[in-house]
Amino acid sequence: MKQAPEHLVNLIEPIVEGLGYECVGIDYNPHPQHGLLRIYIDSENGILVEDCTKVSHQISGVLDVEDPIQGNYQLEVSSPGGDRPFFKISQFEQFIGSMVLVNLFKAIGGRRKITALIKKVEDDIITLQEGEQIYEVPFDAMSKARLVPEYLIEKGGRSGK
């Protein structure tokens, strides 16, 4: 799963959690002129713009002092939204019984994209069910994974085929 480098996670996660939020994940896309550091936060009460501003302000200060990223980049703090990205195995465990869209590095069962129900999680294997088909997918075989919101399931959107 694509997560920011470990040194950024170790720097940012404690700050987010210290402010009382869950650090859902950190996405880092380096680029010499247009890098992007996106931090997804959540809380039991949901996330408002004020929450994102508060976290952004704290993170900005630390990033200015520590200077862990070379070159220019944009800092973005966001709620994970209805189609929340997954960064950790524990997030699959949290959403057992939910639909997820998974992109794979290499095809499994002839598929590189699977939209399926999370059936179970054992060690680092996520068991997905699409109709009658069962896929046992190692966590490190996934390039991306996102929750499929209920409203998209009802409309028949986000097909992995």
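Work out how much length residue 38 to residue 150 would gain on full extension: take 0.36 nm times their residue separation and subtract the Cα-Cα distance, in nm to one decimal. Let's see the in-between values first.
Details: separation 112, 0.36 × 112 = 40.32 nm, distance 2.45 nm.
Taking 0.36 nm per residue and subtracting the Cα distance, the gain is 37.9 nm.
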Please determine, in degrees from 0 to 90 and to the nearest 10, the orientation of helix 6-18 with respect to the longest principal axis defined by the Cα atoms of the chain, where the helix direction is its Cα long axis.
80
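For region 49-98, what ratio Rg/Rh do Cα atoms give with a Kirkwood hydrodynamic radius? Intermediate values should be presented prior to the final figure.
Numbers: Rg = 14.7 Å, Rh = 13.4 Å.
On the Cα set of region 49-98, Rg over Rh gives 1.10.
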Could you state the angle between the C-alpha long axis of helix 49-66 and the longest principal axis of the C-alpha atoms of the chain, as a value from 0 to 90 degrees rounded to the nearest 10?
60
Stretched out fully, how many nm does the piece from residue 48 to residue 7 gain, at 0.36 nm a residue minus the Cα gap?
12.0 nm
Express the relative contact order of the chain as a whole percentage, based on alpha carbon pairs under 8 Å and six or more residues apart in sequence.
21
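Relative contact order of region 1-77, please, whole-number percent, based on alpha carbon pairs below 8 angstrom and at least 6 residues apart. Walk me through the numbers on the way to the answer.
On the way: 97 pairs, mean separation 25.6, N = 77.
Over region 1-77, the number comes to 33 percent.
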Using DSSP to define loop residues, name the GluC sites (Glu not before Pro) in region 1-89 whose beta-carbon has at most 15 other beta-carbon atoms within 10 Å.
44
Approximate spin-label separation residue 136-residue 58, in nm, with each point projected 7 Å along Cα-to-Cβ:
4.1
Largest first, please: the extent of the C-alpha atoms of the chain along each principal axis, to the nearest Å.
53, 34, 29
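I need to check one value: relative contact order of region 32-89, counting alpha carbon pairs closer than 8 Å and at least 6 residues apart, in percent.
Values: 51 pairs, mean separation 33.9, N = 58.
Dividing the mean separation by the residue count of region 32-89 yields 59 percent.
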With 30 Å as the limit, write out which pairs from 54/144; 54/120; 54/113; 54/119 have Cα-Cα distances beyond it, or answer none.
54/120; 54/113; 54/119
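Each value in this text was obtained by applying a stated rule to the coordinates, not by laboratory testing. Only a predicted model underlies this, so the values are computations on that prediction, with no experimental measurement involved. Every residue, glycine as well, gets a Cβ built from its backbone with ideal geometry; the counts of neighbours run over all protein chains shown.
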